[in-house]
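This report refers to the structure that appears directly beneath it.
The values are calculated or read from the model by the stated rules, or taken from the named source; none is laboratory data. What you see is a predicted model; the values in this text were computed from it and never measured. For neighbour counting, all protein chains shown are included, and Cβ atoms are generated from backbone atoms with ideal geometry for every residue, glycine included. Accessible surface is based on the protein model in full, side chains and every heavy atom, while ligands, DNA and RNA are left aside. Shrake-Rupley method; radii C 1.70, N 1.55, O 1.52, S 1.80 Å.
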Amino acid sequence: MQDVPTLVEQAREGRPRAVARLISLVEGASPQLREVMAALAPLAGNAYVVGLTGSPGVGKSTSTSALVASYRRAGKRVAVLAVDPSSPFSGGALLGDRIRMADHASDPGVYIRSMATRGHLGGLAWAAPQAVRVLDAAGFDVVLVETVGVGQSEVEIASQADTSVVLLAPGMGDGIQAAKAGILEIGDVYVVNKADRDGADATVRELNHMLGLGESRRPGDWRPPIVKTVAARGEGIDEVVEALEKHRAWMEEHGVLTARRAARAAHEVETIAVTTLRERIGDLRGDRRLEALAARIVAGGLDPYAAADELVAGVTEG
């Protein structure tokens, strides 16, 4: 058993091992998780959470590393949560992420953590929201959440971040893919990376056109900017940070930031409740109540929806 109050205190002091242990408790769905979340609740709510998403190969990890460098120059503590489809311990794409972010490995103001999706759809690990809360409560000013590049399921990042950044690159068919995936609806800032390649200006024009077609904005609404970058050389990254800060200021001015965080908390509560309910129903396999309901369905005396209602009622009352 971990000493949760001590871990939280050490995490607040900036000790990376304490932060790592707290996130491990989250990932492992530890019995102490409730104690951890209760201890963190009054400490969280100050970090700016930025989600980065996009197709594989657009340079998400390189862009993330460049953003870390820019924020560090501004004196801000930065945490990176890299959500990857592979195991946190088996390498894969993760190894590349680690190499690209190696410049920050010895910086005490930077914390980098990889997290596996473990089959969870939407590009984010199920525990990601609670891991973000750990990093928030640990006193990081900015939390960058880099998601796996899995196409259409990337849209989940919009529900987990204050600001969503969509990365594209010229010559990858990203414009058409963006229209298909619906990511034009979730982006707050668009970044055309590898802008030194042919076709960068065409990609920007295509994006502008698509954003214009889908617009139903009122005066004063946020208009997502499009920023060209060459992340490998750090070009355009300060402009991305400037766009992020403008979006944050706009959200604060219009009450959008609070609304987004409330929606995020509601989604998290719903996920926990559904998971708990699913576990309780799973415990009923072989239970006489479930067998009796199944027999009534087979006999034609009950339909599956009515049976499900009875089962849920029995589980929640129990």
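Taking a ≥ b ≥ c as the square roots of the eigenvalues of the Cα gyration tensor, the stretch 181-259 is classed as oblate, since a/c reaches at least 1.5 and a/b does not exceed b/c. Enter the accessible area of R197 (Å², nearest 10), with the probe set to 1.4 Å and all protein chains included. Number for this one is 120 Å².
Among the chymotrypsin sites (Phe, Trp or Tyr not before Pro) in the stretch 182-276, none is located in a DSSP loop while being surrounded by at most 13 other Cβ atoms within 10 Å of its own Cβ.
Sorting S24, S65 by solvent-accessible area of protein heavy atoms yields S24, S65, largest first, with a 1.4 Å probe. Packing, as the average of other Cβ atoms within 10 Å across residues, places the peptides 25-33, 289-297, 240-248 in the order 240-248, 25-33, 289-297, highest first.
When peptides 38-50, 254-266 are sorted by average Cβ neighbour count within 10 Å, with the highest value leading, the order is 38-50, 254-266.
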